[in-house]
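Report on one structure; see the data block that follows.
FYI, it's all coordinate maths here, none of it is from the lab. Note that the coordinates shown come from a computational prediction; the quantities given were computed from them, not determined experimentally. Backbone-built Cβ (ideal geometry, glycine too); neighbour counts: all protein chains shown.
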Amino acid sequence: MTFIDSHAHIYSEQFKQDRDEALARAMGEGVEKIYMPNIDHTSIEVMLETEARHPNQCIAMMGLHPTSVNKDFEKELYLVEEWLGKRKFAAVGECGIDLYWDKTFLPQQQEALKVQVELARKHQLPIVLHTRDSFDETYEIISAAQDGSLKGVFHCFSGTVEQAAKVKQLGFLMGIGGVATFKNGGLDKVLPHVSLDDLVLETDCPYLAPVPHRGKRNEPVYLPLVARRVAELLQKPVEEVAEITTRNALNLFKL
Ligand SMILES: [Zn+2]
């Protein structure tokens with residue numbers, strides 16, 4: 001079986017000591033492609049270095065993470081725009097809205113998301129959305145901008161059956177990760193009602209390690225644990241989950 005990790009911060013500091021080994025471990029379990037969402041100006045260099053060192057396995061996106069949106073967000077967005085004009089990326093991301101930590105910069109987060117949606121449209125790239133405690137706020141912006149040309153993924157989807165239907169209606173996918181394995185994650189009530197065609201798998205490493213590694217550093221080698229849980233909830237063979245989510249990810253990202 002082969003898998004695609006559609007969302008992994010494998011370039012992060014937490015992998016400084018053993019990144020090559022973590023990537024080799026992932027490859028050994030069939031995690032052949034890993035898409036890397038950018039955070040802000042501090043993550044670009046190490047992300048692109050990781051991609052250059054592992055060009056067949058690691059593929060970069062370009063965007064500004066909502067928790068890095070503050071009063072200087074315009075400067076950050078210029079950098080994103082500049083990079084998108086310079087070379088190919090798999091997607092614009094991760095972008096979106098995060099109301100979990102801080103609501104101070106909500107208007108700036110909304111503005112930054114709108115700008116990045118237009119960049120995605122201009123460069124004909126998918127959008128990777130972060131929607132922590134902000135499904136409605138993010139959905140409002142994406143649905144207003146959707147003219148049929150936008151596609152993307154609601155990364156780390158952990159919403160309701162109704163919200164899953166709204167994502168589908170938008171023509172977007174849901175990124176499913178370690179939360180699916182959590183007892184209190186809520187996805188056991190949602191996933192039985194969705195189609196495999198609407199899902200991609202992700203780790204969001206180094207965060208959100210699936211059970212039985214919950215609370216520890218997450219890494220792409222754990223992606224098959226997520227696939228197994230999704231298979232169980234959808235009552236499908238894990239081989240089918242691997243195959244269809246891989247196809248969905250390749251269709252979405254193209255690169
Ligand atoms: Zn992320």
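Under a Cβ-only charge scheme (Lys and Arg +1, Asp and Glu -1), can you give me the dipole magnitude of the chain about the Cα centre, in debye to the nearest 20?
Computed charge dipole of the chain: roughly 320 debye.
Of the peptides 99-107, 220-228, 54-62, 112-120, how do they stack up when ordered by the mean number of other Cβ atoms within 10 Å, highest first?
Peptide ranking by packing, descending: 220-228, 112-120, 54-62, 99-107.
Calculate the radius of gyration of the Cα atoms of region 1-40 to one decimal place, then report Dmax, the largest Cα-Cα distance, as a whole number, both in Å.
Using the Cα atoms of region 1-40, the pair Rg, Dmax is 10.4, 34 Å.
Report relative contact order for region 129-255 in percent, whole number only (criteria: Cα-Cα under 8 Å, sequence separation at least 6).
After rounding, I find 20 percent.
Taking only DSSP H segments of four or more residues, each worth -39500 (n - 2.57), what value at 222 nm results for the chain once the sum is divided by all its residues, to the nearest 500 deg cm²/dmol?
Computed mean residue ellipticity for the chain: -12500 deg cm²/dmol.
With an 8 Å cut-off on Cα pairs and a minimum separation of 6 or more residues, tell me the relative contact order of the chain in percent.
21 percent
Tell me, what HN-Hα J-couplings in whole Hz come from the Karplus equation 6.51 cos²θ - 1.76 cosθ + 1.60 at θ = phi - 60° for each residue of region 31-41, using x for Gly and Pro?
Taking θ as phi minus 60°, the curve returns 7, 8, 10, 9, 9, 10, x, 7, 9, 6, 5 Hz for region 31-41.
Fewest to most neighbouring Cβ within 10 Å: what's the order for Val128, Val200, Val161?
Neighbour counts put them in this order, fewest first: Val161, Val200, Val128.
Based on C-alpha coordinates, I'd like the Rg and Dmax of the chain, in Å.
16.7, 48
Hey, can you grab everything whose amide H is under 5 Å from the amide H of Ala60? Only 5+ residues off in sequence or another chain; H modelled, so Pro and N-termini drop out.
Answer set, sorted by chain and number: Met36, Ala90.
How high is the relative contact order of region 1-95, given as a whole-number percent (alpha carbon pairs under 8 Å, six or more residues apart)?
Reported as a whole number, the value is 28 percent.
With Cβ to Cβ distances under 11 Å as the rule, what net charge do the other residues near Thr181 carry (K, R +1; D, E -1)?
The answer is +2.
Enumerate the amide H contacts of Leu199 below 5 Å, restricted to partners 5 or more residues apart or on another chain; note that Pro and chain-start residues carry no placed amide H.
Residues meeting the criterion, in which the H sits 1.01 Å from N, are Met174.
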